[in-house]
Every structure is written in structure tokens, then in C-alpha cells.
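Engineer: Submitted below is the structure of interest, expressed as C-alpha cells.
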Amino acid sequence: MIREARGDAPVREREVVGEVEADARNRLPLTRAGVRPGIRYRVEVDVDGVVVLTPVISIPKRELPVWTDPELRERLDDGLAAIETGERGKDRGDFTQYLDDEDDE
């Protein structure tokens with residue numbers, strides 16, 4: 001195990017899993033490091049050339065406010081909690097007048 005501390009950052013432990021060599025197309029086999037197809041990674045390179053792969057989940061830009069606006073996130077969390085408990089929201093009235101024949105099918 002390698003323990004690393006930088007400034008005020010928490011200590012991170014890393015395990016050496018082997019050595020690899022880039023092929024003619026500059027690709028590295030990373031299976032032994034746990035890299036799997038279909039997983040997206042953020043790639044960071046420090047001043048010493050150390051490469052760090054961090055698994056990430058990308059979200060559409062239009063959904064970004066859900067994660068960056070605390071008030072919006074709280075409202076959504078409240079709404080989801082209400083759904084789980086079966087709580088009903090404000091009665092918005094009867095909308096059946098807006099149905100047409102196609103909606104009945």
C-alpha cells in the first residue's frame with residue numbers, strides 16, 4: 001500500500017497492481033487496475049506525470065441545477081418523500097374536461 005497526503009487533503013491509500021506499457025497506439029491495458037468497459041472516468045495528471053482515474057457519472061447539463069441549487073434539491077427531496085409516504089399534494093382540480101377521444105383509448 002502507498003499512503004499519500006498532500007496539504008490538507010485526506011490521506012489516500014493506493015495499491016500497486018502491476019506495471020503496464022503503452023502499445024503503438026498509446027493505449028494502456030488497465031484491467032488489473034479494475035477498469036471496466038462502459039465506466040466513465042475523469043483523468044487527472046499531476047506535475048510529476050502521475051495519472052489518476054476517478055470513476056464518474058455524467059449528467060445532462062439541463063439536470064445540473066438539481067445538484068447545484070440547494071433550495072431546488074430540498075423541494076425535490078420533499079416531493080419524493082411525500083410520494084413515498086403516500087402524502088398528496090395540493091388539489092389542482094379536475095382535468096377531465098381536457099380529455100379528447102384519443103385519450104380514452
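Engineer: Which length gain, in nm to one decimal place, applies between L72 and V56 when the Cα-Cα distance is subtracted from 0.36 nm times their residue separation? Please report the intermediate quantities before stating the final value.
Structural biologist: Working: separation 16, 0.36 × 16 = 5.76 nm, distance 2.27 nm.
Additional length available on full extension: 3.5 nm.
Engineer: Taking the Cβ-Cβ separation of R92 and I39 as r and a Förster radius of 30 Å, what is the calculated FRET efficiency to the nearest 0.05? Walk me through the numbers on the way to the answer.
Structural biologist: Details: r = 42 Å, r/R0 = 1.41.
For R92 and I39, the calculated efficiency is 0.10.
Engineer: Calculate, in nm to one decimal, what L64 and R32 gain on full extension: separation in residues at 0.36 nm each, minus their alpha carbon distance. Before the final figure, lay out the partial values.
Structural biologist: Details: separation 32, 0.36 × 32 = 11.52 nm, distance 3.35 nm.
Length gained between L64 and R32: 8.2 nm.
Engineer: Right, another one. Can you tell me which of 57-67, 25-35 comes out highest on packing, and rank the rest after it, using the mean Cβ neighbours within 10 Å? Don't jump to the answer; show the numbers that get you there.
Structural biologist: On the way: 57-67: 8.6, 25-35: 10.5.
Highest to lowest by the protection proxy: 25-35, 57-67.
Laboratory data are not the source of any read-out in this text; all were calculated from the coordinates shown. Source: prediction; values computed, not measured. So basically every Cβ, Gly included, is an ideal-geometry build from the backbone, and we count neighbours across all protein chains shown.
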